[in-house]
Structure formats: C-alpha cells, structure tokens
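To start, the structure itself, in structure tokens.
The values are calculated or read from the model by the stated rules, or taken from the named source; none is laboratory data. What you see is a predicted model, and the numbers here were worked out from it, not measured in a lab. Methodologically, a virtual Cβ is constructed for each residue, glycine included, from the backbone with ideal geometry; neighbour enumeration extends over all protein chains shown.
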Amino acid sequence: MTTEPTTSRASLRTPRMSGNRRRLRLLSAVTGVLIAVGLLFAAAPPAAAHDQIVSSSPEAAGMVSEVPEQISLTFSGEILADFSAVIVEVIAADGQNIATGDPIVDGTTVTQAVQPGQVGVFTVRWRVVSSDGHPISNEYQYTVEAVPVSPSIPTPDATEEPTPRPSPTATATATPAGDVHNGPSGGGEIFPGLAVLGVVVVLGGGLIIVLMMGRERRRRDRAAAAGKNTRARKDEPADES
C-alpha cells in the first residue's frame with residue numbers, strides 16, 4: 001500500500017485558495033465603486049427644472065368678443081432677451097401669420113402685436129429660451145367671435161320728412177280758368193260722330209220706308225188693274241147677246 005506525499009496535497013490546495021481570494025477582492029472592489037457612485041449621485045443637487053408658461057392673454061381655449069391688439073405670455077422665470085431665440089406666431093384660420101413686428105421681452109412676460117380686423121380660431125405658437133438656457137416651445141388656440149351689429153336707429157333730427165304730393169283737387173284749383181278749355185274734351189270728340197251716325201240711320205230708314213211704300217202702291221195698282229180687266233172680260237158676252 002502506497003501513500004501520497006503530504007507536500008503534494010498542500011501544493012494542490014494553495015492555487016485554489018489564491019483564486020478564491022482574487023474573486024473576493026474583485027467583488028469587494030466593484031461593490032466599493034458602485035457604493036461610491038451611488039453616494040455621489042445621492043449627494044449631487046437635483047437638476048433645475050425648465051421654466052413653464054403660467055398664463056396667457058387671450059387664455060388658452062378661451063373665447064373673446066373682439067380681436068386683441070396683442071398676445072401676452074407670462075412664464076415662471078425670466079426669459080432671455082435674445083430676439084433671435086424668441087419667436088411668437090399667431091396663425092389665423094386661413095393659415096396667415098397675423099403677428100406684426102418683433103416680440104417684446106419684459107422679465108417673465110413676452111408680448112407680441114397682431115394685426116386687427118379678423119375673427120375666427122387662432123393658433124399661438126411660441127418658442128423662448130428659459131432662464132436656465134434651455135429653449136422651450138408650445139402652442140395653444142383661442143377664438144374670436146363675431147359680434148352681431150344691431151342696426152342703427154336714426155334720430156328724429158336726421159330723419160328726412162317726405163315732401164307732400166299735391167292732391168288732384170288742389171291741382172285743379174290751382175289751374176287757371178283759361179287753360180281748362182284749351183283742347184277739346186273727350187265728349188266733344190265723340191258727339192259729332194254719334195250725330196252723323198244718327199243722321200245716316202234716320203235717312204236710311206226713311207229711304208227704306210219710302211221704297212217699301214212705293215212698292216206697295218205699285219202692287220195695289222197692279223191688283224186694281226187686274227180686277228178691272230177681269231170684270232171687263234165678264235161683261236163682254238152679255239153685250240153681244
């Protein structure tokens with residue numbers, strides 16, 4: 001029976017123990033680095049938040065009865081007064097930008113003039129640089145309603161009185177007497193024609209009556225002559241006998 005030397009077993013255990021120690025040291029170093037980084041992030045102050053818009057005029061989704069002369073935007077912090085970085089557009093319903101001139105920056109307020117005389121839905125698009133140097137932008141809408149205009153009632157002084165039209169009676173009264181009979185009236189023109197027609201009818205009727213009477217007289221004369229001839233013929237035989 002053979003036995004292994006003691007020195008050979010000890011030599012085999014030494015490398016295993018050294019490898020485990022390296023792993024432990026490596027894990028300890030990584031854990032330390034992670035803890036240090038966590039402590040640094042925990043100790044660092046929180047990042048400053050960007051400025052935000054707090055109010056506007058007209059208000060977002062608001063309705064106004066007349067076209068505003070300008071748009072006003074108020075932010076939570078001061079806006080950097082760099083006109084190249086401050087942009088405000090006011091887009092009308094037809095797509096036209098009615099903003100006029102450059103925006104005016106006064107601390108936390110930005111003002112933009114607009115063109116008057118339009119109604120409808122408007123979109124305000126803005127872009128500014130907040131106090132921390134970061135650009136911020138957004139948009140909102142407002143509506144301008146058309147107010148119906150009531151018809152103006154004229155004052156009594158401005159009302160023109162109609163000129164009275166002359167009545168026929170007044171016209172006849174004002175006409176001179178010599179002008180009334182200057183021309184023939186309608187009845188005077190019709191009367192001569194009726195008179196001529198009446199004369200023609202009378203003459204024609206008389207002529208017809210005369211002709212009829214002469215015709216009747218001639219018929220009676222013929223009848224009387226025929227009767228005489230008949231009696232004469234009847235009396236001739238009696239004379240011969």
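How many residues are more than 11 Å from Gln70 (Cα to Cα) and over 30 Å from the mean Cα position of the chain (by Cα) when one looks only at region 108-123? Spell out how you get there, then give the answer.
At the first step, the residues of region 108-123 found to be more than 11 Å from Gln70 (Cα to Cα) are 108-109, 117-123.
Right, trim to over 30 Å from the mean Cα position of the chain (by Cα) and you get 108-109.
Count: 2.
Considered as a group, the residues in region 124-137 that are polar (S, T, N, Q) and either in a loop (DSSP other than H, G, I, E, B) or modelled with pLDDT of 95 or more (or both) include one that is nearest to Glu66 (Cα to Cα), and that residue is Ser130. For the condition outside any helix (DSSP H, G or I) and either more than 30 Å from Glu89 (Cα to Cα) or at pLDDT 65 or above (or both), Arg218 does not qualify.
Out of the residues in region 93-121 that are polar (S, T, N, Q), over 17 Å from Tyr140 (Cα atoms) and in contact (Cβ under 8 Å) with a residue 24 or more places away in the chain, which is surrounded by the most Cβ atoms within 10 Å (Cβ to Cβ)?
Kept after step one, since they are polar (S, T, N, Q), are these residues of region 93-121: 96-97, 100, 108-109, 111-112, 115, 118.
Within this subset, residues satisfying the condition of being over 17 Å from Tyr140 (Cα atoms) are 100, 108, 115, 118.
Within this subset, residues satisfying the condition of being in contact (Cβ under 8 Å) with a residue 24 or more places away in the chain are 108, 118.
Details: Thr108: 17, Gln118: 15.
In this case the residue turns out to be Thr108.
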